[in-house]
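For reference, the structure is listed below as structure tokens.
The values are calculated or read from the model by the stated rules, or taken from the named source; none is laboratory data. Note that this is a predicted model, so its numbers are computed, not measured. Counting neighbours? That spans all protein chains shown, and the Cβs are built from the backbone with ideal geometry, glycine included.
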Amino acid sequence: MNSPADANAAARATAPATASARRDVEAAGGAGALPVTRADFDRLMVPCYAPAAFVPVRGEGSRVWDQDGRMYIDFASGVAVTALGHCHPAMVRAIEEQARKLWHVSNWFTNEPALRLAARLTAHTFADRAFFCNSGAEANEAALKLARRYAHDRFGAHKMRVVSTLNAFHGRTLFTVTAGGQAKYSSGFGPNPEGFTHLPYNDVAALEAEFAAHGADICAVILEPMQGEGGMRPGTPEYLQAARRLCDAHGALLILDEIQSGMGRTGALFSYMHKGITPDILTSAKGLGGGFPIGAMLTTDKVAPAFSAGVHGTTYGGNPLACAVAGTVFDIINTTEVLDGVKARHALFMEGLKAINVRRRVFADLRGEGVWIGCELDLPWKGKAAEVMKAASDAGLLLLMAGPDVVRIAPSLVISLDEILEGLARLETALNRALA
Ligand code: PLP
């Protein structure tokens with residue numbers, strides 16, 4: 001396309017042909033608002049998701065509205081992402097201001113929002129250095145590559161084994177599905193990267209035995225402080241501390257995947273802060289951008305130089321728009337008011353869930369930290385978490401699951417108390433419908 005005339009011709013070619021079609025488009029808000037329905041998903045999209053029957057179009061705080069104007073209470077926050085709810089005014093302001101200044105420059109240049117975000121993250125964590133990317137999987141990909149490269153350069157090519165856990169979830173790239181401990185995500189794409197061992201989570205003896213057998217060849221242990229996707233299983237302090245001790249003893253790096261547990265979700269800025277351990281590498285995403293895609297890998301001055309210029313990178317990593325939003329999210333979450341508020345909300349959720357369970361016993365266990373709660377269904381209802389999630393949608397509640405037996409609640413960190421109570425009432429309706 002060379003001239004404005006060519007551009008106009010192309011625009012005419014893609015415009016609706018008839019006057020009535022044009023009126024439809026204009027009524028719906030212009031050419032960017034062509035009418036679409038949920039059925040278009042099945043026709044147009046690669047079928048690797050099975051989204052709900054309705055299409056959300058608007059969100060405000062912890063409420064979401066669909067195309068028909070129906071309101072849902074949001075206990076899911078886009079899978080633990082919209083940590084400050086939908087369209088938080090400070091985030092809207094941050095993105096609008098940055099959108100008028102600078103959108104993208106690539107990593108051939110640095111930019112102010114990225115440097116400010118790195119300064120915040122390093123000032124308030126164990127880390128000295130940050131690497132930015134666009135998603136959780138990319139942050140873990142960077143972490144695993146960094147650990148391998150660090151061990152390679154310092155100890156030699158033999159030190160490449162990575163210890164992970166059964167049921168872990170670390171993302172969907174080939175390296176990270178292999179690090180994850182769920183065959184359903186990693187099989188059928190082979191050959192997978194080599195050198196991974198998966199041990200039972202929370203099993204100190206298994207970890208000790210693995211290091212006793214292969215310590216000289218292990219470059220890293222990668223762990224979620226609490227397994228999220230794998231069933232909302234908290235790591236015990238003894239287990240996490242044993243991982244730290246064994247890594248230190250064998251020159252291996254401890255990678256904590258805080259993609260879901262971090263950015264205030266458990267009531268601490270990052271969950272390691274109340275587990276009595278410090279990682280060598282930490283990965284963050286999800287809540288970090290509050291809904292704008294961004295990932296981060298944090299590490300120390302000792303480890304970071306293994307990624308010298310050109311060894312790793314990504315076009316969009318450290319994008320000014322993403323970093324401006326994340327900086328605002330960080331400043332709001334990293335306050336006593338929000339972090340203590342998360343703990344108070346935990347108490348309210350647990351009280352409400354226990355009361356539901358007294359009225360009708362449906363949960364075998366209620367566990368979790370902060371606004372990150374797993375409700376394990378009792379024996380007669382095992383395998384029915386998906387049905388509960390569907391019934392929740394019908395009752396006007398956005399909900400999550402963590403495996404077939406666990407209903408997962410991960411709302412905004414600042415969900416209002418009224419919305420918690422309204423959401424719990426809708427959850428009870430959904431449980432009664434799904435588990436009839
Ligand atoms: N790690 C953990 C612990 C996660 O929960 C997730 C996503 O659910 C990921 C990694 C992958 O993040 P993303 O989907 O942004 O690639």
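Remarks
- Helices (runs of 4 or more DSSP H) within the range 127-213 that include 2 or more residues in contact (Cβ under 8 Å) with a residue 40 or more places away in the chain, touching a Phe, Trp or Tyr at 6+ places or on another chain (Cβ under 9 Å) and of a type in the set (A, V, I, L, M): 136-155
- Within the range 386-400, the set of residues being surrounded by fewer than 23 Cβ atoms within 10 Å (Cβ to Cβ) and closer than 18 Å to residue 230 by Cβ comprises 386, 389.
- Members of the range 44-87 found to be surrounded by 14 or more Cβ atoms within 10 Å (Cβ to Cβ) and aromatic (Phe, Trp, Tyr), listed by number: 54, 65, 72, 75
- Some residue of the range 288-296 being closer than 30 Å to residue 99 by Cβ, in the same structural domain as residue 220 (by TED's automatic domain parsing) and away from the ligand (no atom under 13 Å from the Cβ): yes
- Some residue of the range 142-149 being farther than 30 Å from residue 324 by Cα, over 23 Å from the mean Cα position of the chain (by Cα) and away from the ligand (no atom under 12 Å from the Cβ): yes
Yes/no matrix, rows are residues, columns are (1) buried (at least 23 other Cβ atoms within 10 Å of the Cβ); (2) away from the ligand (no atom under 16 Å from the Cβ); (3) in a loop (DSSP other than H, G, I, E, B):
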| residue | (1), (2), (3) |
| --- | --- |
| 215 | no, yes, no |
| 242 | no, yes, no |
| 254 | yes, no, no |
| 266 | yes, no, yes |
| 273 | no, yes, no |
| 310 | no, yes, yes |
| 316 | no, no, yes |
| 324 | yes, yes, no |
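- Top-ranked residue of the range 71-91 - restricted to ones that are more than 16 Å from the ligand (Cβ to nearest atom) and on the phi > 0 side of the Ramachandran plot, ranked as nearest to the chain's Cα centre (by Cα): 85
- Criterion (part of a helix (DSSP H, G or I), more than 16 Å from the ligand (Cβ to nearest atom), at negative phi and without any contact (Cβ under 8 Å) to a residue 40 or more places away in the chain) met by exactly one of 94, 119, 114: 119
- Residues being surrounded by fewer than 21 Cβ atoms within 10 Å (Cβ to Cβ), closer than 30 Å to residue 350 by Cα and of a type in the set (A, V, I, L, M) are entirely absent from the range 105-112.
- Residue match in the range 347-364 (condition: outside the structural domain of residue 169 (by TED's automatic domain parsing), crowded, with 18+ Cβ neighbours inside 10 Å and in a strand (DSSP E or B)): yes
- Any pair with Cβ under 9 angstrom, 6 or more apart, that starts in the range 241-265 at a residue that is in contact (Cβ under 8 Å) with a residue 24 or more places away in the chain and hydroxyl-bearing (Ser, Thr, Tyr) and ends at one that is near the ligand (Cβ under 10 Å from one of its atoms) and part of a helix (DSSP H, G or I): 261/80
- Residue in the range 105-118 that is within 19 Å of the chain's Cα centre (by Cα) and not small (Gly, Ala, Ser) present: yes
- Output for the range 179-213, where each listed residue is hydroxyl-bearing (Ser, Thr, Tyr) and either more than 13 Å from the ligand (Cβ to nearest atom) or under 25 Å from residue 237 (Cα atoms) (or both): 186, 187, 197, 201
- Among (1) assigned to a helix (DSSP H, G or I); (2) at pLDDT 95 or above - the single one residue 104 does not satisfy: (1)
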